Amino acid sequence: MKRYPGSFIQLVTLGYILVVIPFLFATSYVFITLDTLDEHYRVAITDFSENSRLNGEITEDLLHLERSLRRYEVLRDTDSLNDYARFRAEWQGNVESLSRLSALPARVTSELQALIQLESIAFGAMRDTQKTSALLSAIDDIKQRFQKTRDDVRVILELEQDKFTIEADVLRQRVLLAMGVAVLIALCSIWLGRRLLSRLIGRFEKAVLRLGKGDLQHPINLHGPRDMRWLGRWLEWLRRRLKTLEEARTQVLRHVSHELKSPLAAIREGSNLLAEEVPGALTVEQARIVQILQTNSERLQDLIEGLLRLQQAGHAAERIGFENLRFDQLIEQVLETYRLLAAERNIEFQTTLPEVEIVAGHEGVLTIVHNLLSNAVKFSPEGGRVCIGLSKDGERAFLDVSDEGSGVAEQDKAKIFEPFYRSSTSRLIAGVGLGLAIAREFVRAHRGELVLLDSPQGAHFRVVLPLKATYVRSQQHA
């Protein structure tokens, strides 16, 4: 059994979470990367500014060292040595600070330490010998080597700045990629959520449509969250209730129709005996009353038989014996039964009946064709024409029946297939209003469609029935 959240609220909440999580990850990644880049940027800026300051101070310190030493060489005084010692300490501190810059490689820091060591050795020799030549030479060497080291440091810091620019570009690309991935994941989550909801709602919709179409044979068992399962249980209860009511209605209708036949047969037999004047001669008024009895008893019998046929049509799908049929031959067979009636009113049949084979129930298709042709002949005027056309495409057969009668009024089109409905144009013609309803039930039993098409004159009905391929698929689904 598939796992679903407990309710639709939990399902929607889970959907929101799945949509938001990618953006949270993307935002967190951006902030972390920005913090790292910001730290790198601040270190680079600090190193660059500190390097500029220290380079100036170290250069100035070297000049002061050289001047103090040359003054001592001339004056041989203590103040000059004290100045040298003070500038020397300041110079060493600045060199140490420069060597501590984070961006400098080990070779540069080693070179800076070597400069300090070079000066210390020369300074120690001067104190021992009181000769300044070696120290002056060392300071000149330090100045030259520092000039090269300063250029190296500048190049290194410039490379760090270039590296920062490259990292900024890479970050920009990664941010765009992260947001793109987040949007893609969010869209996939939305698509999956919509598909899941569509599937759940689609199952519910199909169950409701089956109930609406009167399909009460298939149990309803909806899967999904607790809410959906709860709705499924109520729909299943409704299906069982409707099935019970339908069975009770059918049983009552069957019993009532059966019980009505016996007294109706007696009434008809009695009225026939009276009409034949078996008990004695009838007056004109009595003959008129007998005629009324005969007419209404015949109408009542038609109603009872129509109710029984409608009830049978409603359950036709359960009893249809599907077989290979020649649709065109069935239509010709029905036409033969109406040719004499049509000839009496000079009604012409215009047919287009190519060979079409379908898989259907023999009696059901005969009933459909009979009812449509009966209506067409009944509502056609004297000397009119009834057109019957048969065609097919890859999966369906089409039967078109049209007449030249008064047609169906616009306000009657929506109700024309309802049982016992008589339109304003049909009330003057004998009938009980069940023919189209019965035909539609048999068409639905074959998983087809019966529709009323727009026509400039008369009524135009179209029957759409599936061919064999569609029937096979339907059987598999059943």
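The values are calculated or read from the model by the stated rules, or taken from the named source; none is laboratory data. Not measured: the values here are computed from a predicted model. FYI the Cβ positions are ideal-geometry reconstructions off the backbone, even for glycines, and counts take in every protein chain you see. Please note that ligands, DNA and RNA were not included when accessible areas were found on the heavy atoms of the full protein model with its side chains. Shrake-Rupley method; radii C 1.70, N 1.55, O 1.52, S 1.80 Å.
Descriptive notes on the structure:
- Computed from backbone phi with θ = phi - 60° and the Karplus coefficients 6.51, -1.76 and 1.60, the 3J(HN,Hα) list for the stretch 269-278 is 5, x, 5, 5, 5, 5, 5, 7, 6, 4 Hz; x is used for glycine and proline.
- The alpha-carbon of K468 sits under 17 angstrom from the alpha-carbons of these aspartates and glutamates, leaving out residues fewer than 8 places away in its chain: E323, D328, E355, E357, D393, E395, E449.
- Rounded to whole Å, the principal axis extents of the Cα atoms in the stretch 172-212 read 58, 8, 5, largest first.
- Rounded to the nearest 20, the Cβ-based charge dipole of the stretch 128-258 about its Cα centre (Lys and Arg +1, Asp and Glu -1) stands at 1720 debye.
- Treating r as the C-beta distance of I190 and K468 and R0 as 41 Å, the FRET efficiency rounds to 0.45.
- Excluding same-chain neighbours fewer than eight residues apart, the aspartates and glutamates reachable from K143 by a Cα-Cα span under 15 Å are E57, E60, D61, E66, E111, E119, D151, D152.
- Taking amide H atoms as placed 1.01 Å from N in the peptide plane, the amide H of K392 lies under 5 Å from those of F398, each 5 or more residues away in sequence or on another chain.
- Solvent-accessible surface (1.4 angstrom probe) belonging to K413, in square angstrom, nearest 10: 60 Å²
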